[in-house]
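Visitor: One structure coming up, written as structure tokens, with questions to follow.
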Amino acid sequence: MTRFLHIADIHLGFDRYNSPERTKDFFYALQATLDKYAVQAEVDFVVIAGDLFEHRNIKPATLNQAQICLQALQKANIPVFAIEGNHDNRPYGTTTSWLKYLSEWGLLMLLEPQDPKLGGDFLVPWNPQTRTGSYYDLDCGVRVIGSNWYGSTAPRAIEQMAAAIQDLPPGPDTTVLMFHHGLEGQIARYAGALRYTDLLPLRAAGVDYLALGHIHRQYEAEGWVFNPGSLEANNVEESVHRRGAYLVEVTDQGLRPELQTDYVQRPILRLEVSAKGDETVDELRAQCHEAVVAGMKRLPEGALNPILELRITGQVGFDRLELDTRSLQEELRESSEALFVLLKYDAEAVAYQTPIVEGQNRLAIEQAIFMDMLAAHHDYKSKAEPLALGLTDLKDRQLGGADETDLYQFVGQLLDLDR
């Protein structure tokens, strides 16, 4: 029985959040996945459907990570087929890329259609001497075909690809095509997604398994289109999506892909504290600590230190700037031992607005404004009315030329400072 592993969107060299440890997570996820579901599972081959790297230009350490993983497969005599994605494709007008480098050094086979401008066939068999080609026929009975990153021209490229597949010489019974693009309806705000009907020419041409990449969540369509998602979440929003690697069995009854998720991943905790408007600053900080403690208890024993996102929503009854978010963020990181904490302070200050009645005099309007300002503050809302009257009195005293010492004494009496 033939088996293969389908992965995509590994993003080695991921460098957002300015965390070296987070960058290593993407290497560890790939290494663990290949060891468990390729080497130990003794698959016949591996396909990488784009975005092995996060960037076109990579650091030496990132190249070293890729080599370590691919050499483990080479040692186990497991061939690797790959295509370029939008993150690691070669810039326009250049002839090489880091994937091309890995292919030339024998660590993978970069399968790609030929440039139509050069003439000749669009899809050509893999040439082990030049280490170039578009498809490879495996002894295990599978033909693997590669493609390029096409962007907005993908629908037209699919038609060209389908015609070229139909013109290929007879080969193995099962055809796998790697394609880096996404289907519409899988994520919000994704412009340029393919419709399912755009893919149908490939099915008519004989593609049995369309190995997609690009969208960082798992999905499938009609039993022949499969997208495993990224191995690691690239941001906290992606943490809610199912993702992993497809371990695929090729049987006489067809292909049976199963998504595998039991490998090293960094846990991501997304928490929310909703302020009601009557808390003090210290009470709100305490609620944040309590939410983090409760969230940490949900993590499985032995899990990696998590990435923690805490959103403070609702309304606060004090000046928003009174909450020192930087010190709170550091406190939460230290108490939870999170890899890092993302604190989102989305709460609004409590707003009161007394309606102004037509014909109100200036004094009444002034009193209403003072009342609104005081009622919006946690420390003053309980005595807003007497304080509003006091502020009016204070203003009149100041305009009347009262001595500054007397004004300070009046304020002290108004706020009961002696008490």
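The values are calculated or read from the model by the stated rules, or taken from the named source; none is laboratory data. On a predicted model such as this, the values are computed, not experimentally measured, just so you know. Neighbour counts run over all protein chains shown; Cβ positions are idealised from the backbone, glycine included.
Visitor: For the stretch 262-283, name all the residues that are of a type in the set (A, V, I, L, M, F, W, C) and either over 29 Å from the mean Cα position of the chain (by Cα) or over 20 Å from Glu322 (Cα atoms) (or both).
Guide: Passing the criteria: Val264, Ile268, Leu269, Leu271, Val281.
Visitor: If you take the residues in the stretch 260-298 that are touching a residue at least 60 places away in the same chain (Cβ under 8 Å) and of a type in the set (Val, Ile, Thr), which one is nearest to Ala32 (Cα to Cα)?
Guide: The residue in question is Val264.
Visitor: Would you mind finding the one in Ala49, Ala29, Ala72 that is under 22 Å from Tyr246 (Cα atoms) and more than 22 Å from the chain's Cα centre (by Cα)?
Guide: Going through Ala49, Ala29, Ala72 in turn, just one is under 22 Å from Tyr246 (Cα atoms) and more than 22 Å from the chain's Cα centre (by Cα): Ala72.
Visitor: Ok, one more. Out of the stretch 150-163, which residues are touching a strand residue (DSSP E or B) at 6+ places or on another chain (Cβ under 9 Å) and over 17 Å from His214 (Cα atoms)?
Guide: If the condition is that a residue be touching a strand residue (DSSP E or B) at 6+ places or on another chain (Cβ under 9 Å) and over 17 Å from His214 (Cα atoms), then Met161 is the only one that fits.
Visitor: Would you say Val281 is under 21 Å from Tyr380 (Cα atoms) and surrounded by 14 or more Cβ atoms within 10 Å (Cβ to Cβ)?
Guide: Criteria met by Val281.
Visitor: Still on this structure, I have one more. Which pairs have Cβ atoms under 8 Å, sit 6 or more apart or on different chains, and link a residue in the stretch 380-407 that is within 13 Å of Glu366 (Cα to Cα) to one that is assigned to a helix (DSSP H, G or I) and among the charged types (D, E, K, R)?
Guide: Within 8 Å, the pairs are Thr392/Glu366.
Visitor: Hey, another quick one. Restricted to the stretch 172-192, and to residues that are part of a loop (DSSP other than H, G, I, E, B) and modelled with pLDDT of 90 or more, which residue is farthest from Ala221 (Cα to Cα)?
Guide: Out of the qualifying residues, it is Pro172.
Visitor: May I pose another question? Does Gln160 count as surrounded by fewer than 20 Cβ atoms within 10 Å (Cβ to Cβ) and either on the phi > 0 side of the Ramachandran plot or not in a helix (DSSP H, G or I) (or both)?
Guide: Considered against the rule, which asks whether it is surrounded by fewer than 20 Cβ atoms within 10 Å (Cβ to Cβ) and either on the phi > 0 side of the Ramachandran plot or not in a helix (DSSP H, G or I) (or both), Gln160 comes out as no.
Visitor: Quick one: count up the residues across the stretch 235-256 that are surrounded by 19 or more Cβ atoms within 10 Å (Cβ to Cβ) and either outside the structural domain of Asp25 (by TED's automatic domain parsing) or touching a Leu at 6+ places or on another chain (Cβ under 8 Å) (or both).
Guide: Residues in the stretch 235-256 being surrounded by 19 or more Cβ atoms within 10 Å (Cβ to Cβ) and either outside the structural domain of Asp25 (by TED's automatic domain parsing) or touching a Leu at 6+ places or on another chain (Cβ under 8 Å) (or both): 6 in total.
Visitor: Which numbered condition in (1) at pLDDT 95 or above; (2) among the β-branched types (Val, Ile, Thr); (3) touching a Gly at 6+ places or on another chain (Cβ under 6 Å) is the only one that Thr33 fails?
Guide: Of everything listed in (1) at pLDDT 95 or above; (2) among the β-branched types (Val, Ile, Thr); (3) touching a Gly at 6+ places or on another chain (Cβ under 6 Å), Thr33 misses just condition (3).
Visitor: Can you tell me which residues in the stretch 254-312 are farther than 27 Å from Arg22 by Cα and assigned to a strand (DSSP E or B)?
Guide: Gly254, Leu255, Arg256, Pro257, Glu258, Ser274, Ala275, Lys276
Visitor: Going through Ala286, Ala291, Ala338, Ala351 one at a time, which residue ends up being surrounded by fewer than 16 Cβ atoms within 10 Å (Cβ to Cβ), modelled with pLDDT of 95 or more and either at positive phi or out of contact with any Cys (no Cβ under 9 Å at 6 or more places or on another chain) (or both)?
Guide: One residue alone meets the criteria, Ala286.
Visitor: Also: Could you list, in sequence order, the residues of the stretch 176-185 that are surrounded by fewer than 19 Cβ atoms within 10 Å (Cβ to Cβ) and not small (Gly, Ala, Ser)?
Guide: Glu184
Visitor: Quick one: Gly206 ticks every box in (1) free of Cβ contacts under 8 Å to residues at least 24 places away in the same chain; (2) of a type in the set (Gly, Ala, Ser); (3) closer than 15 Å to Trp224 by Cα bar one, so which box is it?
Guide: (1)
Visitor: On to the next question. Please indicate, with yes or no, whether at least one residue in the stretch 114-121 is outside any helix (DSSP H, G or I) and closer than 17 Å to Thr175 by Cα.
Guide: No: the stretch 114-121 contains no residue that is outside any helix (DSSP H, G or I) and closer than 17 Å to Thr175 by Cα.
Visitor: Picking from Leu102, Leu110, which residue would you name as being under 18 Å from Val46 (Cβ atoms) and in contact with a strand residue (DSSP E or B) (Cβ under 6 Å, 6 or more places away or on another chain)?
Guide: None of the others qualify; the one that does is Leu110.
Visitor: Write out, first by first residue and then by second, each pair whose Cβ atoms fall under 6 Å of each other, whose residues are 6+ apart or on separate chains, and whose first residue, in the stretch 234-259, is on the phi > 0 side of the Ramachandran plot while the second is surrounded by 19 or more Cβ atoms within 10 Å (Cβ to Cβ) and at pLDDT 95 or above.
Guide: Cβ pairs passing all conditions: Gly244/Pro228.
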